[in-house]
Amino acid sequence: MNNKINLKIEGIGIPIVLLHGFMESLEVWNFIYHSSISNKYRVISIDFPGHGKSCFSFSRKQIFTMEENAKIVKEILDKENIQKAIFVGHSMGGYIAIALAEKYPEIFLGLCFLHSTAESDSLKKKKQRIQSIQLAKNNYPLFISTSINKLFNPKKISFFQKEITYIKKIAYNLSIDSIISFLKGMSIRKDRKFLIQNTIFPKLYIIGLYDLILDEKKIREEAKNGNKTDFVEIDTGHMGHIEKPKEIIKILENFISSI
């Protein structure tokens, strides 16, 4: 199989680079392409290897690191002659963005962590990823179902059945090998909280008050300790861009216009 990265680019102006989360695709950013953001800026979204319409050969023993994904993003930016951009990373996309920022901080006009963190996995989280790998091997449909359900506000889970089905459909396009490779890559990622303190570009955390994946209190403290770092809290789970896209657009518009 020939490796091929799928991307979508629309609009003109300051580049806004959208980096999706684990088991997602660039389709989760469609609401931005249909908003005023795409009318004012150049919006770029990427399907990471094995996700969406990107083709990639994986071996089950492979570990696909955040640094390797960051390298892919940089190669795309170079090819598109993009020297500076504002980055928005959802969950894993934020891990990749901060890995990119460690090596190339000069290309960042700003960075938004959408339900994401610069912190590495805790021992508890590493164990959970190992358990996820075993579940994916033993019962792939159950792994997809339980993983996606946990992403949404548990208090409104019945309200988001259409959205959950949509995200599950995207997730089912991934192979088990790619899922395992990325789970391993996320589990060994470096702690980069020091970059939140040391980098001079503006940073914004969007925190879900009902996020079952990330501890909102820890994320709030991470943001408070940063340099040129703000945070916004919204009453969603881990999928604010799917649960409340209009609210996310307003937050991003304010962040982008402030830069």
Open item on the list: Of the conditions (1) crowded, with 24+ Cβ neighbours inside 10 Å; (2) of a type outside the set (Gly, Ala, Ser); (3) farther than 20 Å from ARG42 by Cα, GLU119 satisfies every one except a single condition; which number is it?
Closed with: (1)
- [ ] Check off (1) of a type in the set (Asp, Glu); (2) modelled with pLDDT of 95 or more; (3) surrounded by fewer than 20 Cβ atoms within 10 Å (Cβ to Cβ); (4) in a helix (DSSP H, G or I) for ASP177 and give me the number that stays unchecked.
- [x] (2)
- [ ] Test LEU214 against the criterion of being aliphatic (A, V, I, L, M), under 16 Å from SER91 (Cα atoms), in contact (Cβ under 8 Å) with a residue 12 or more places away in the chain and surrounded by fewer than 14 Cβ atoms within 10 Å (Cβ to Cβ), and give yes or no.
- [x] no
Task: Residue within region 159-182 that is farther than 23 Å from ILE242 by Cα and touching an Asp or Glu at 6+ places or on another chain (Cβ under 9 Å) present - done: no
Open item on the list: Quick test for you: out of ILE200, ILE188, ILE157, pick the one residue that is surrounded by fewer than 16 Cβ atoms within 10 Å (Cβ to Cβ), under 29 Å from ASP230 (Cα atoms) and without any contact (Cβ under 8 Å) to a residue 12 or more places away in the chain.
Closed with: ILE157
Open item on the list: Among the residues that make up region 91-109, is at least one of them modelled with pLDDT of 95 or more, closer than 26 Å to PRO245 by Cβ, among the basic types (Lys, Arg) and out of contact with any Pro (no Cβ under 9 Å at 6 or more places or on another chain)?
Closed with: no
Task: Test result for GLU80, surrounded by fewer than 20 Cβ atoms within 10 Å (Cβ to Cβ), touching a strand residue (DSSP E or B) at 6+ places or on another chain (Cβ under 9 Å), on the phi < 0 side of the Ramachandran plot and not aliphatic (A, V, I, L, M) - done: yes
Task: Set ASN69, ASN39: member being touching a residue at least 12 places away in the same chain (Cβ under 8 Å), under 28 Å from LYS244 (Cβ atoms) and surrounded by fewer than 19 Cβ atoms within 10 Å (Cβ to Cβ) - done: ASN39
TODO: Please state which of the following conditions THR165 fails to meet, knowing it meets all the rest: (1) at pLDDT 95 or above; (2) in a helix (DSSP H, G or I); (3) surrounded by 15 or more Cβ atoms within 10 Å (Cβ to Cβ).
DONE: (3)
Task: Segments classed as helices (runs of 4 or more DSSP H), wholly inside region 203-259, with at least 3 members that are farther than 29 Å from GLN128 by Cα - done: 245-258
TODO: Return only the number of the condition from (1) closer than 22 Å to ILE96 by Cβ; (2) free of Cβ contacts under 8 Å to residues at least 60 places away in the same chain; (3) not acidic (Asp, Glu) that SER258 does not satisfy.
DONE: (1)
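The values are calculated or read from the model by the stated rules, or taken from the named source; none is laboratory data. The structure presented is a predicted model; accordingly, all values stated were derived computationally and were not measured. Positions of Cβ are backbone-derived with ideal geometry, glycine not excepted, and every protein chain shown enters the neighbour counts.
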